[in-house]
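**Q** The structure that follows is given in the form of structure tokens.
The numbers here are math on the coordinates, done by the rules we state, and not lab data. Fair warning: this is a prediction, and the values are worked out from it, not measured in the lab. Glycine gets a Cβ as well: all are built from the backbone with ideal geometry, and neighbour counts include every protein chain shown.
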Amino acid sequence: MKNERLNEIVKLCGKVNRVADIGCDHGKVLGELHKNGASYLIASDISEPSVKKAEQLLNALNCKNYSIRVGDGFSTLTNADNLDLIIIAGMGGYEIVKIINNSKINLKKLILQPQNNVIMLRNFLIEHNFKIITDKVVEDKNKFYNILKVEKTNIKHHLTKREIEFGKTNLKKFNPSFIKMLEEENFKLANRIEKIKNNLLKKEFTNIIIKNNKEIERAKSRR
Ligand SMILES: C[S@@+](CC[C@H](N)C(=O)[O-])C[C@H]1O[C@@H](n2cnc3c(N)ncnc32)[C@H](O)[C@@H]1O
């Protein structure tokens, strides 16, 4: 696929058998998972026209083992679906939290790609006994996305303040996209500092730039 965000989601899914994509829309991720040998796919979306797109794609790929569901979040799923993995991608962080919070099914592994509010999402996951397995930034068409692979457990998995703020995997492995994201954030903040008069805000932005610069240096040293 010519879409790094979706490619990375597929890569993080790994080898899966039974998988649901909540808010699947075009169904491209499921299409790739079918090609990778998944045995059962659920394409679910709150919008019927969206889910129809996924259905068309899966039919075009001659996929037989799929189910189309229309509804809000996990309400379309049951424990009998026996899913290894559920994907929620391309929604706001608060929407993702709402969907997980309203779950009536037992959760195992999830792939989450929030469009915003990733720090809030990480805090929520830790509070609710999820283990963050992978948490990395990916760049796609000059935009940066956080993609998390998490697993529901029975215990709390502590994260450091830095891990909550920047994402665990970004702090462990050399990731050029992470460096670029921080550099671009700093560039935007520096431009804003030049235009604003409020000294408190200027100080706040300057502190973020300093903190980001520290992470950029550390990240470069992991090369
Ligand atoms: C921006 S698209 C993302 C599509 C695809 N997951 C991706 O990452 O490219 C968001 C999709 O989520 C669906 N959606 C939004 N809120 C939802 C909810 N609460 N439950 C299920 N689907 C939802 C929308 O109808 C839309 O098709």
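**Q** By how many nm would the segment from LYS173 to LEU200 lengthen if fully extended, with 0.36 nm per residue of separation less the alpha-carbon distance?
**A** 6.3 nm
**Q** Working out 0.36 nm times the residue gap between LEU61 and GLU217, then minus their Cα-Cα distance, what length gain in nm do you get to one decimal?
**A** This chain segment gains 51.6 nm when fully extended.
**Q** Further question on the same structure: What is the P(r) of the range 36-107, as percent of Cα-Cα pairs per 10 Å bin from 0?
**A** With 10 Å bins starting at 0, P(r) equals 17, 51, 29, 3.
**Q** Let me ask something else. Can you list residues from other chains, or at least 5 along the same chain, whose modelled amide H is less than 5 Å from the amide H of SER67?
**A** LEU41, ILE42, ALA43
**Q** If amide hydrogens are placed 1.01 Å from N in the peptide plane, which non-local residues have theirs closer than 5 Å to the one on GLY90?
**A** GLN113, GLN115
**Q** In the range 117-189, which trypsin sites (Lys or Arg not before Pro) are in a loop and have at most 11 other Cβ atoms within 10 Å, using DSSP for the loop call?
**A** Loop-located and lightly packed - LYS141.
**Q** Now a separate question. Using the number of other C-beta atoms within 10 angstrom as an exposure proxy, rank TYR66, TYR145 with the fewest first.
**A** By the 10 Å Cβ count, ascending: TYR66, TYR145.
**Q** A follow-up question, please. Looking at the chain, what % of the alpha carbon pairs are farther apart than 29 Å?
**A** Pairs farther apart than 29 Å: 32 percent.
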